[in-house]
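One structure is given below, encoded as structure tokens.
The values are calculated or read from the model by the stated rules, or taken from the named source; none is laboratory data. What you are looking at is a predicted structure, and each value in this text was computed from that prediction instead of being measured. Backbone-built Cβ (ideal geometry, glycine too); neighbour counts: all protein chains shown.
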Amino acid sequence: MKFRKLGNTGQQLSAIGLGCMGMSFAYGPADEQESISTLHKALDLGVNFWDTADMYANGENEKLISKVLVPNRDKIFIATKFGFRFKDGKASHSGAPGTYFDGSSEWIKQAVDQSLQRLKIDEIDLYYAHRIDPNVPVEETVGAMADLVKAGKVKYLGLSEASAESIRKANKIHPITALQSEYSLLTKDIGKEILPTIRELGITLVPYSPLARGLFSNINEVQNFGDDDFRKSLPRYQQENLENNKNLAQEINDFAASKGVKGTQLALAWVLNQGEDIIPIPGTKRIKYLEENIAATQIELSASDVETIDSILKKYPNIGERYSEGSMKLVNN
Ligand SMILES: NC(=O)c1ccc[n+]([C@@H]2O[C@H](COP(=O)([O-])OP(=O)(O)OC[C@H]3O[C@@H](n4cnc5c(N)ncnc54)[C@H](OP(=O)(O)O)[C@@H]3O)[C@@H](O)[C@H]2O)c1
């Protein structure tokens with residue numbers, strides 16, 4: 001396993017982490033046994049940076065992970081997030097009508113204790129605000145997060161989908177170690193202003209959905225997605241973008257095949273290639289995919305490979321937004 005440094009902490013993390021969300025939520029039926037086996041395999045193969053959130057299946061994802069985390073606590077760097085809440089207590093995704101965001105200091109105090117209880121640990125390694133609450137000054141949110149560091153409940157602080165301005169304000173209250181934002185071949189909106197800002201401040205980028213939610217391998221299966229599959233709500237899987245995205249996926253897969261790899265591996269290699277200060281967290285609930293994703297850390301992309309990828313992307317511009325309209329209002333705030 002290759003390792004990368006986390007911000008200014010001196011902590012070494014595996015060059016790719018493991019996104020655990022899909023083990024309980026969002027991308028088709030859960031299979032607890034397969035997920036537990038995947039977590040053990042990750043541990044065996046040195047993937048020591050695991051990502052979850054309190055909202056993933058309303059805490060069930062944290063509980064699942066704790067089964068492997070607790071007996072291996074010293075080997076795993078665990079990140080979780082707070083802020084999304086459900087109006088009627090019924091678990092759903094971030095864009096659902098009953099879901100809202102709460103970055104208040106009152107909620108943070110409760111949320112951290114609930115995550116610690118579900119994870120069955122004393123301290124969270126990296127605690128993210130899942131979004132920036134437009135109704136709460138970021139200084140209040142991060143001030144409350146800093147209190148958790150003082151209390152020994154949390155080691156490092158992170159933000160998710162924060163704007164450059166919010167990151168600067170937050171970093172004045174307490175050092176921010178990581179920014180977790182969507183970043184992939186298909187989602188590059190942080191590239192212009194946010195990525196240069198975090199580089200200036202020594203903050204690591206943790207790209208989520210670095211495989212574009214598996215689009216390169218699953219776009220042809222959209223008709224088989226269940227009713228509760230989150231991807232059904234995403235513009236990139238809607239009728240108006242399907243043909244573009246199927247053709248795009250096909251060409252990326254063909255180019256990947258010419259290099260002896262899969263399209264998902266090429267997509268991950270592209271993200272890893274953007275800098276040593278980037279630690280993507282591809283999500284999977286399967287050992288096979290985990291192994292393929294780890295193998296992608298060995299792929300070297302030449303300048304000509306990058307040019308070919310860019311030219312394919314240019315050929316198919318009609319990819320669609322990364323989230324529904326409601327969810328887009330909560331990103332890069
Ligand atoms: N901060 C945020 O707001 C936010 C938002 C979304 C996600 N996240 C975090 O980021 C993590 C990763 O993002 P993500 O899961 O949304 O998207 P992703 O990593 O881009 O893609 C996950 C999808 O790709 C499939 N996949 C994974 N490896 C594959 C391979 N080698 N070949 C073919 N398909 C493969 C997975 O299938 P299977 O499910 O069948 O394994 C799943 O459907 C999540 O698990 C979560 O922890 C954070």
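Here is the figure for region 242-283: residues that are under 20 Å from residue 1 (Cα atoms), in contact with a Phe, Trp or Tyr (Cβ under 9 Å, 6 or more places away or on another chain) and near the ligand (Cβ under 10 Å from one of its atoms) total 8. Among the residues of region 196-217, those identified as more than 10 Å from the ligand (Cβ to nearest atom), crowded, with 22+ Cβ neighbours inside 10 Å and farther than 19 Å from residue 297 by Cα are 198, 203.
Give the residue that is nearest to residue 316 (Cα to Cα), with candidates limited to residues of region 221-266 that are among the aliphatic types (A, V, I, L, M) and part of a helix (DSSP H, G or I).
Step by step, filter region 221-266, then rank; the result is 248.
Every residue, every condition in (1) of a type outside the set (D, E, K, R); (2) within 15 Å of residue 201 (Cβ to Cβ); (3) modelled with pLDDT under 95, yes or no:
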| residue | (1), (2), (3) |
| --- | --- |
| 126 | yes, no, no |
| 131 | no, no, no |
| 138 | yes, yes, no |
| 144 | yes, no, no |
| 148 | yes, no, no |
| 165 | no, yes, no |
| 169 | no, yes, no |
| 182 | no, no, no |
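Here is the figure for region 148-179: residues that are without any contact (Cβ under 8 Å) to a residue 12 or more places away in the chain and within 24 Å of residue 76 (Cα to Cα) total 2. Could you tell me whether any residue of region 44-57 is on the phi > 0 side of the Ramachandran plot and among the small types (Gly, Ala, Ser)? Within region 44-57 (the criterion being on the phi > 0 side of the Ramachandran plot and among the small types (Gly, Ala, Ser)), the answer is yes, since at least one residue qualifies.
Residues in region 149-176 that are within 15 Å of the ligand (Cβ to nearest atom) and assigned to a loop (DSSP other than H, G, I, E, B) were compared, and the one that is nearest to residue 5 (Cα to Cα) is 176.
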